[in-house]
C-alpha cells in the first residue's frame with residue numbers, strides 16, 4: 001500500500017533523511033518513531049507529495065508520488081505536525097472547502113462531512129469559528145479534514161503533540177477506531193502511544209532506519225538476556241549463593257538491602273528458558289522468604305534508548321576508524 | 001478548473017471576513033470621489049469662464065471627457081500603488097505563516113490552480129472597485145456629452161494596469177511569510193516603475209525609450225486618451241505572465257526547501 005525506496009532528502013548540506021526504505025501493508029498501522037529532528041516529518045512530507053526527494057521513490061496507495069502526485073494525493077489524508085487551519089472559517093466551511101478540493105461534490109460531500117463531524121465529535125462546534133476553538137477541538141478538526149474523503153491512506157504527523165492528557169486519550173481513541181479499514185502511518189515520539197495503536201514500528205534515527213518490525217519481535221531481538229528482578233528476606237549472601245547454583249543463571253547482582261532484611265537481586269539468565277520457578281525454589285532452599293519476583297520486560301523506551309544509543313556508539317566507531 | 005474556483009471563493013470569503021476589505025473599499029470610494037468631484041468642479045468653473053470668451057475656447061481643445069475623466073483615471077494608478085500591495089499581501093504570506101500552505105500543497109491541486117484562484121480573487125475585488133467608479137461617467141453624461149469609446153478604452157487600460165499591479169503584489173507575497181514585508185516589497189517595485197518614468201525624461205535616447213516602455217504608468221496614459229496600442233496590451237499582459245511564472249518558481253522553491 002505504501003512503499004518507500006531509498007529515499008534521500010538533503011536541505012542544503014543538512015541531512016533530512018538518507019536512504020530510507022520501508023513498506024506498509026494494507027490495513028496496517030505503522031508507528032513512525034524517532035527523536036526530534038530524526039527525519040520523521042521529512043519522510044511524511046515526501047510521502048504526501050509536498051516535498052520532492054533528492055533521490056529514491058515513494059508510493060502511496062500503489063501510486064508513485066513523484067510521477068503522479070495529484071492521483072496519490074487524492075488517496076491520502078494528511079494531518080501535518082502544526083495542524084494547518086484557517087482560523088477565520090467555521091468548522092463546517094473548512095471541511096466543506098477541503099472536501100471540495102479533494103474532488104467531492106453534492107450528496108457525497110455532505111455525507112462525508114456529516115460522517116467526520118460525527119466520528120470526530122465535532123457536532124457541537126460545527127458552526128463555530130476555528131479560531132475560537134480549544135486546541136483539542138482544533139486537532140480533531142485537523143483529523144476530520146484528513147478523513148473527510150475516506151481515503152485509504154492516512155498520514156498523521158504527531159497527532160497528539162501539545163494536547164493535555166485527556167485530549168490525548170480522546171485522539172488516541174479516535175485513531176484506534178480508525179484501525180482495520182485504513183492504512184495508517186502515525187509519527188510520534190511518545191512511546192506508549194505506539195504500544196497502544198501500532199501493529200509495527202519503524203524507528204528512524206539521524207535520517208536512517210534504525211530498526212523495523214513488529215513491536216514484540218523487535219523487543220525479543222533486542223532483549224539479549226532474560227532478566228528477573230527478585231526480592232526476598234533472609235541472609236543476603238546465602239540467598240545469592242543459592243541463586244547462582246540454579247542452572248541457566250549467568251549472573252546474580254545484589255541491588256541492595258532494605259529495612260526488614262529484604263534483599264533485592266537482579267538475576268540474568270543465559271537462555272530463553274523460564275527459570276522463575278527454579279529461582280523460587282532456590283530462595284526457599286536458602287531459608288529465605290520470597291517477597292517479590294517479576295520478569296523485566298524491555299519497554300519500548302528501553303528499546304528506543306538502546307537503538308538510539310547503539311547507533312551513536314556505532315557512529316563513533318566509524319568516526320574513530 | 002473547479003479547484004481554482006474553490007480557492008477563489010475561499011479567498012473572497014476570507015477577505016470579506018477581515019476588516020481590511022471594508023477599509024480598502026471605503027478608502028477607495030472616498031479617494032476616487034474626491035478626485036472626481038475635484039476634476040468635475042474645476043471643469044465646471046473653467047467651462048463657464050470659456051463660455052464668456054469664445055475665442056479662447058477655440059484655442060483649447062477640451063472635451064468634458066478629457067477634462068474630467070482623464071485626471072480621474074490617471075489617479076487610479078496612484079491609488080493602486082497603495083491599494084494593490086494591501087489587497088495582495090496576505091494571499092501567500094498568511095498561508096505561509098499559518099502553515100496552511102502545506103495543506104494546500106498536499107491537496108490534489110496544481111500550483112497553477114492555487115495561483116490562479118488567488119489571482120482571480122483579488123482581480124474580482126478590483127473589478128468591484130472599478131465598477132463603483134462607473135457612476136462618475138454616468139453622472140457626467142447627465143450634464144454633458146460623454147465620449148463612451150474613450151471611457152471604454154480607459155477602463156480597458158485601468159483593468160490591465162490593475163492586473164499587472166496585483167500580480168506584482170502576489171509575487172511579493174509569495175516571497176515572504178510576513179504580510180507587511182510583502183506589502184513593502186510590492187510597493188517598492190511598483191514605485192520603481194514610476195521612478196523609471198522620471199529617469200526616462202532625464203535620459204537620452206535610446207535609453208529613454210526603453211525606460212519609458214518599462215514604466216507601468218506610461219502605458220495607462222495611452223488607454224486614457226482613447227489609444228489602444230497592442231504594445232501597451234502586450235507589455236501589461238507580459239507583466240502578468242512574468243509574475244505568474246515567478247510565483248510558480250517561488251512555490252517550487254518553497255516545496256524544495258520545506
Of (1) crowded, with 17+ Cβ neighbours inside 10 Å; (2) modelled with pLDDT of 80 or more; (3) touching a strand residue (DSSP E or B) at 6+ places or on another chain (Cβ under 9 Å); (4) farther than 30 Å from residue A:21 by Cα, residue A:289 satisfies every one except (1)
Taking region B:63-99 and the residues there that are surrounded by fewer than 19 Cβ atoms within 10 Å (Cβ to Cβ) and within 14 Å of chain A (Cβ to nearest Cβ), the one that is nearest to residue A:86 (Cα to Cα) would be B:98
Note on region A:22-50: residues in contact with a strand residue (DSSP E or B) (Cβ under 7 Å, 6 or more places away or on another chain) and within 14 Å of chain B (Cβ to nearest Cβ) are A:39, A:40, A:41, A:42, A:43, A:44, A:46, A:47, A:48
Expected single match for over 30 Å from residue A:71 (Cα atoms) and assigned to a strand (DSSP E or B) among A:238, A:210, A:217 is A:210
Over region B:6-37, the set of residues away from chain A (no Cβ under 14 Å) and surrounded by 15 or more Cβ atoms within 10 Å (Cβ to Cβ) is B:24, B:25, B:28, B:31, B:32, B:33, B:35, B:36
Note on residue B:152: of the conditions (1) surrounded by 24 or more Cβ atoms within 10 Å (Cβ to Cβ); (2) free of Cβ contacts under 8 Å to residues at least 24 places away in the same chain, unmet is (1)
A careful count of residues in region A:266-291 that are closer than 14 Å to residue A:226 by Cβ and either not in a helix (DSSP H, G or I) or not assigned by TED's automatic domain parsing to the domain that holds residue A:228 (or both) gives 10
| query | Yes or no: residue A:51 in contact with a helix residue (DSSP H, G or I) (Cβ under 9 Å, 6 or more places away or on another chain) and farther than 19 Å from residue A:126 by Cα? | reply | yes
Within region A:51-62, restricting to residues that are more than 9 Å from chain B (Cβ to nearest Cβ) and farther than 16 Å from residue A:154 by Cα, the one that is surrounded by the most Cβ atoms within 10 Å (Cβ to Cβ) is A:53
Those residues of region B:100-115 which are crowded, with 19+ Cβ neighbours inside 10 Å and more than 8 Å from chain A (Cβ to nearest Cβ) amount to B:104, B:113, B:114, B:115
Note: among A:68, A:107, A:134, just one is closer than 23 Å to residue B:101 by Cα, away from chain B (no Cβ under 14 Å) and out of contact with any helix residue (DSSP H, G or I) (no Cβ under 7 Å at 6 or more places or on another chain), namely A:134
Flagged in region B:186-200 as touching a residue at least 24 places away in the same chain (Cβ under 8 Å) and either more than 17 Å from residue B:221 (Cα to Cα) or buried (at least 18 other Cβ atoms within 10 Å of the Cβ) (or both), in numbering order, are B:186, B:187, B:190, B:193
Wholly inside region B:1-70, helices (runs of 4 or more DSSP H) that include 1 or more residues that are in contact (Cβ under 8 Å) with a residue 12 or more places away in the chain and out of contact with any strand residue (DSSP E or B) (no Cβ under 8 Å at 6 or more places or on another chain) are B:2-17, B:19-52
Over region A:68-101, the set of residues modelled with pLDDT under 90, more than 25 Å from the chain's Cα centre (by Cα) and buried (at least 21 other Cβ atoms within 10 Å of the Cβ) is A:69
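The values are calculated or read from the model by the stated rules, or taken from the named source; none is laboratory data. Since this is a predicted model, take the numbers as computed values, not measurements. Ideal geometry is used to build each Cβ from the backbone, glycine not excepted, and the neighbour counts take in all protein chains shown.
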